[in-house]
Amino acid sequence: MKLKIAVLPGDGIGPEISVQGVKTLDAVAKRFGDEFTYTYALCGAAAIDAVGDPFPAETLKVCQEADAVLFSAVGHPKFDNNPEAKVRPEQGLLAMRKQLGLFANIRPVETFKCLLHKSPLRAELVEGADFVCIRELTGGMYFGEKLEGTEKAYDTNLYTRPEVERILRVAYDYARRRRNHLTVVDKANVLASSRLWRKVAQEMAPQYPDVKTDYMYVDNAAMRLIQDPKFFDVMVTENTFGDILTDEASVISGSMGLLPSASVGEDTPVFEPIHGSWPEAAGKNIANPLAQILSAAMLLEYFGLAEQGAAIRKAVAASLEEGAVTPDIDPKSTGTTESVGQWIADYILSH
Ligand code: IPM
Ligand code: MN
């Protein structure tokens, strides 16, 4: 298959892991006879420094003209502790999501047997946990009306019925392809927006009689995730709750450096690691490239290239089994971002 891929390396460790993602895709193309072409574009702090805008119009155009976006990370410490900053790298990510209409963020959480000891939870709780968080990505407090005064500030958690319906449809479709269990996470005991979510979900549930729908308050879900992660199959929730719960969920697997995500919606889909830009590690060749590499697998699977996706997943599993990993996974390992990426590419080419 021919695919045009927009590559947005961004900031911090982004550029280094991006190289490994592209290297993996090139190995797949060679091994399976696909043709992937890449167009690079700026975003985040790198784009602010270059053109004063974290998501320039030129980058939007590159994304719109591509079949998929391989995104890495944005964020820079020089903006973090400066509440006065007028533009922030993160705005680039939010602009990309909004302008491409990426309303559904799919974050699968899987555990790897050889990493169970890395989980902050006991192995018996974690082993076999396998669920997908579906986070609404273009609504809620992130995008609702805001006031930012010195004495008063607010963010509006606005959701409309069509926004809730379309994300629930995505969630139900996932549940149908998995273990037919959907948990709708909200705060309907307090928030009006959550009551709309729950109402819409209760109306839609009968259309999916094969799926067991249950409802959980977000505080309870935060607890359940660490008490009994195997309870979950597909979880769906609003933007802010999803942001928080997916960070929590990501450490269950033992390393945040392993989890990819897909953001899909109206325009070009984006595939990105769920971890951030880890500025302290930038340029040190120590960042784990696996979440980026698995994002490339999600990208290929999105286009129906199941065999190619599986080849990447097999290579990643083998690298973990054989200890070809970065120090976040095994502190004694001498593996680097570059060497792990190369190991994966070589594995794909030789299997
Ligand atoms: C994420 C990130 C972003 C978010 C930030 C960087 C704006 O934390 O993708 O989860 O809050 O959505
Ligand atoms: Mn987040």
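Give the residue, chosen from LEU121, LEU102, LEU115, LEU93, that is away from ligand 1 (no atom under 13 Å from the Cβ), in contact with a Gly (Cβ under 9 Å, 6 or more places away or on another chain) and of a type in the set (A, V, I, L, M, F, W, C). Walk me through it before giving the result.
Working: LEU121 fails: in contact with a Gly (Cβ under 9 Å, 6 or more places away or on another chain); LEU102 fails: away from ligand 1 (no atom under 13 Å from the Cβ); LEU93 fails: away from ligand 1 (no atom under 13 Å from the Cβ).
Checking each option against the conditions leaves just LEU115.
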How do the pairs read when you match residues in segment 292-310 that are within 15 Å of ARG107 (Cβ to Cβ) with residues anywhere that are acidic (Asp, Glu), using Cβ under 6 Å and keeping only pairs 6 or more apart or on different chains? SER295/GLU272
Pull up segment 275-291, narrow it to residues that are within 16 Å of ligand 2 (Cβ to nearest atom) and in a helix (DSSP H, G or I), then point me to the one that is nearest to LEU115 (Cα to Cα). ALA291
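Just to be sure before I move on: is SER250 in contact (Cβ under 8 Å) with a residue 60 or more places away in the chain, under 15 Å from PRO108 (Cα atoms), hydroxyl-bearing (Ser, Thr, Tyr) and not in a helix (DSSP H, G or I) in the structure I sent?
Working: in contact (Cβ under 8 Å) with a residue 60 or more places away in the chain: yes; under 15 Å from PRO108 (Cα atoms): yes; hydroxyl-bearing (Ser, Thr, Tyr): yes; not in a helix (DSSP H, G or I): no.
In short, no.
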Looking at GLU307, is it part of a helix (DSSP H, G or I), closer than 15 Å to LYS23 by Cα and of a type in the set (Asp, Glu)? no
Quick one: in segment 276-294, which of the residues that are surrounded by 23 or more Cβ atoms within 10 Å (Cβ to Cβ) and within 16 Å of VAL340 (Cβ to Cβ) is nearest to ligand 1 (Cβ to nearest atom)? ALA291
Within segment 225-244, take every residue that is assigned to a helix (DSSP H, G or I), surrounded by 22 or more Cβ atoms within 10 Å (Cβ to Cβ) and under 17 Å from the mean Cα position of the chain (by Cα) and give me the one that is nearest to ligand 2 (Cβ to nearest atom). GLY242
Tabulated pairs, segment 182-208, first under 20 Å from LEU245 (Cα atoms) and basic (Lys, Arg), second in a helix (DSSP H, G or I) and at pLDDT 95 or above, C-beta under 9 angstrom, 6+ apart or interchain: LYS187/SER193; LYS187/SER194; LYS187/VAL218; LYS187/ASP219; LYS187/PHE241
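The values are calculated or read from the model by the stated rules, or taken from the named source; none is laboratory data. All values derive from a computational prediction rather than experimental measurement. Virtual Cβ from ideal backbone geometry, glycine too; neighbours counted across all protein chains shown.
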